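Participant: Before I ask anything, here is the structure I am working with.
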Amino acid sequence: MDNQQVLDLFINRGMIDQALASDMLHEIDNSGKDIAEILADYQVINHRDDIWPMIAQELSCEVVDLRNWSPPEELLALVPAGVARLHGALPVNLTNEGLFVCLVDPLNPQTVEDLRFALGRPVNLLIAPDYIVEDRISECYGGDGAAMDDLLKQIELGGASADLEAEANSAPIIRYVDLVFYQAIKEKASDIHFEPFEKEFKIRYRIDGALYEMAPPPVHLALPIISRVKVMSNMNIAERRVPQDGRIVKTFGDRSVDMRVSSLPTQYGESVVCRILDRSSVNLSLENLGLPAHIFEYIGETIEKPNGIFIVTGPTGAGKTTTLYAALRRINTIDHKLLTAEDPVEYDIDGIIQIPTHDSIGLDFPRVLRAFLRQDPDRIMIGEMRDIETAQIAIQASLTGHLVLSTLHTNDASGAVTRLIDMGCEPFLVAASLEGVLAQRLVRTICKECKSPYEPSEAILAQLGISSHEIGDKSFFTGRGCDVCGGSGYKGRKGLYELLDITDPIRDLIIERAPSVVIKQKAIELGMQTLREDGLRNIYLGHTTIEEVLKYT
């Protein structure tokens, strides 16, 4: 649905003003939430489903409950599958007045006109929540899965071609791969995995950090499908013995999506992984990352400092780059010169000079950083400190009056200090230049629609390191699984954070080459909240589950 149309409806009713509507549109861009969730968050409505009676009133229609409803076959036959999927239309009833349908986007007046023309009969509108209408269309007509099955049948009927490039560029293969990408983007997946095995070919999506498998295509289609992905990402499809990297920029509807593609030769063919870089997530600002108040203030103060090093640590996919981009956007003003060295550049940000590294031509991090220092920068971001040379130049840059932001792969905040020293950096230089280290993890959040309280067992509480006496009257929540979250009980992710502030007592320990355990213990004495403690805070607030916190901390 068009967000502005929905907001106009609320403005016309005097429930919100133009200024609040603008704030909500900004929030939608930044958070990725839908309009119904935002209206509920701002307490304009009590529940996200409260917008549907208002839309029905506006359009002079009735609201129908489709949750336990299944249409008869003769009713479904009145709207062909292709028409139903194209227009997001579900037939609900047939009377003397015509066919009554529910639409995924009921506010688009053109859809009803298009349906009248396509079906050659009067079409009337009924209203139901869009996510329920989508689910019923998928159940009744097979959704994207049925479209994929149709394409696979076409590919099978077409037979195999001797020319691999011709087969990879055949219309059914092109449409099939596009549909795989489209479905991944619709489901907000972060990665797509194409994995050939001896007797099967798996395609899996990573959604909110967990992998989900889609219906596998026949194993003999692995080669043309993977070749199609390689063609799209400008890789050499004749070369299957060495790893390759590529990039796909594709437009789906009104969204431009950037994909980083990596191929790896395996025993049964090439395994290909596409990392989806959703440009809309660059709109994230520090305010929308869900940082605890003290960490938000600390980062805000640190990135305004004239020099020093600020490091974000965590495993791959923990949102480190997102945090650094949000920090850069905060200081991306006319009076700051910002330079980034990345492998590769993940998102384009106006006003920031971003340089992709190319090891194959000798343009590695150290070489780019040396060139940076002659470009008169105020702030520098390094994609990752991978080696002693990069770390030493970063320290040198910080000591000569530049603020350096970077990432490191360590398990916790104190581990970053010992990692730098293990690389070969002098402890007194690390102590002099390092300002702070933020460790982070991403955990799945409980679906708001099916969130319910439950009693955890003594065994699982023991794994958390707490007893039933300690929790007192605190509540625990879990997701039962519903249509909105696809039965998983989770919808979306949020960060857990651990901030190590490099104060004088910590600097003394760094100079003494103290192990990370000792540094961590001292930081806890000085008030540092660990990842596990932040996880407990989020459990008690009802944001996530015990299982998620145990998995990531």
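Participant: Sorting check: for 537-549, 234-246, which peptide has the highest mean count of neighbouring beta carbons within 10 Å, and how do the rest follow? Intermediate results must be reported in sequence, preceding the final value.
Facilitator: Details: 537-549: 19.6, 234-246: 13.7.
Per-residue mean Cβ counts within 10 Å order the peptides as 537-549, 234-246.
Participant: Putting +1 on Lys and Arg Cβ atoms and -1 on Asp and Glu Cβ atoms, find which of I207, C274, G472 reaches farthest to the positive end of the dipole of the chain.
Facilitator: About the Cα centre, the residue reaching furthest to the positive side is C274.
Participant: Shifting gears a bit: So, with a 1.4 angstrom probe, what is the percent of accessible area on the stretch 390-436 that is carbon and sulfur?
Facilitator: Details: 700 of 1470 Å².
The C+S portion of the solvent-accessible surface of the stretch 390-436 is 48 percent.
Participant: Sticking with this one: Taking 0.36 nm per intervening residue step and subtracting the Cα-Cα distance, what contour gain separates S256 from N93 on full extension? Let's see the in-between values first.
Facilitator: On the way: separation 163, 0.36 × 163 = 58.68 nm, distance 3.80 nm.
The span from S256 to N93 would gain 54.9 nm if fully extended.
Participant: Arranged from highest to lowest average of other beta-carbon atoms within 10 Å per residue, in what order do the peptides 350-363, 295-308, 384-397 appear? All intermediate terms of the calculation are to be shown ahead of the outcome.
Facilitator: On the way: 350-363: 13.3, 295-308: 16.1, 384-397: 19.9.
Descending mean neighbour count gives 384-397, 295-308, 350-363.
Participant: May I ask for the distance between the Cα centers of the stretch 349-381 and the stretch 439-504, given as a whole number of Å?
Facilitator: If you average the Cα positions of each part, the centres end up 40 Å apart.
Participant: Further, regarding this structure: Separation of the stretch 313-338 and the stretch 84-135 by C-alpha centroid, Å?
Facilitator: What the calculation gives is 45 Å, centre to centre.
Participant: While we're looking at this one, here's another question. What does the helix-only formula give at 222 nm for the chain: each DSSP H stretch with n ≥ 4 adding -39500 (n - 2.57), the total divided by the residues, and the result rounded to the nearest 500 deg cm²/dmol? Don't skip to the answer; put the middle values down first.
Facilitator: Working: 24 runs with 227 residues, N = 553.
Result for the chain, helices only: -12000 deg cm²/dmol.
Participant: Between P456, G527, L429, whose Cα lies farthest towards the positive end of the dipole of the stretch 397-533 when Lys and Arg beta carbons carry +1 and Asp and Glu beta carbons carry -1, centred on the Cα centre?
Facilitator: Of the options given, the answer is P456.
Participant: So, one more: Sequence neighbours fewer than 8 away in the same chain don't count; with that in mind, list the lysines whose C-alpha is under 26 Å from K522.
Facilitator: K305, K320, K551
Participant: Provide the packing ranking of 377-383, 99-105, 60-66, i.e. peptides ordered by the mean count of other C-beta atoms within 10 Å per residue, highest first. Walk me through the numbers on the way to the answer.
Facilitator: Details: 377-383: 22.9, 99-105: 21.0, 60-66: 13.7.
With the highest mean Cβ count within 10 Å placed first, the list reads 377-383, 99-105, 60-66.
Participant: Additional query: Mean separation of Cα pairs under 8 Å and 6+ residues apart, divided by the residue count of the chain: what relative contact order is that in percent?
Facilitator: Details: 904 pairs, mean separation 50.4, N = 553.
Reported as a whole number, the value is 9 percent.
Participant: log₁₀ I(q)/I(0) of the chain at q = 0.08 Å⁻¹, via Debye over equal Cα point scatterers, no solvent, to two decimals?
Facilitator: So the normalised log intensities are -0.67.
Participant: Here's something else I'd like to know. Report in % the part of the accessible area of the stretch 1-136 that belongs to carbon and sulfur, leaving out ligands and nucleic acids; probe 1.4 Å. Write down the numbers at each step before the final one.
Facilitator: On the way: 3190 of 6930 Å².
Ligands and nucleic acids excluded, carbon and sulfur reach 46 percent.
Participant: A further question follows. Count the DSSP beta bridges whose two residues both fall in the chain, then state the antiparallel fraction as a percent rounded to the nearest 5. Show your work: numbers first, answer last.
Facilitator: On the way: 53 of 81 bridges.
Beta bridges within the chain, antiparallel portion: roughly 65 percent.
Participant: Another one. Output the lone cysteines of the chain: those with no second cysteine's C-beta under 4.7 Å from their C-beta.
Facilitator: C61, C102, C140, C274, C425
Participant: Please check which bits of the stretch 343-365 a label hung off D29 would reach, taking the label as a point 7 Å along Cα-to-C-beta and the cut-off as backbone N under 15 Å.
Facilitator: 349-351
Participant: On average, how much accessible surface per residue is there in the stretch 316-375, in Å², for a 1.4 Å probe, leaving out ligands, DNA and RNA?
Facilitator: Values: 2950 Å² over 60 residues.
Accessible area per residue: 49 Å².
Participant: Give me the percent of Cα-Cα pairs in the stretch 409-553 that sit more than 20 Å apart, rounded to a whole number.
Facilitator: Working: 5721 of 10440 pairs.
It works out to 55 percent of all Cα pairs.
Participant: Between R116 and Q5, what length comes free when the chain is fully extended (0.36 nm per residue of separation minus the Cα-Cα distance, one decimal in nm)? Mind dumping the intermediate values first?
Facilitator: Working: separation 111, 0.36 × 111 = 39.96 nm, distance 2.29 nm.
Going from the current span to full extension adds 37.7 nm.
The values are calculated or read from the model by the stated rules, or taken from the named source; none is laboratory data. Note that the structure is predicted; figures quoted are calculated from it, not measured. Virtual Cβ from ideal backbone geometry, glycine too; neighbours counted across all protein chains shown. For accessibility, only protein heavy atoms count, side chains too; no ligands or nucleic acids. Shrake-Rupley method; radii C 1.70, N 1.55, O 1.52, S 1.80 Å.
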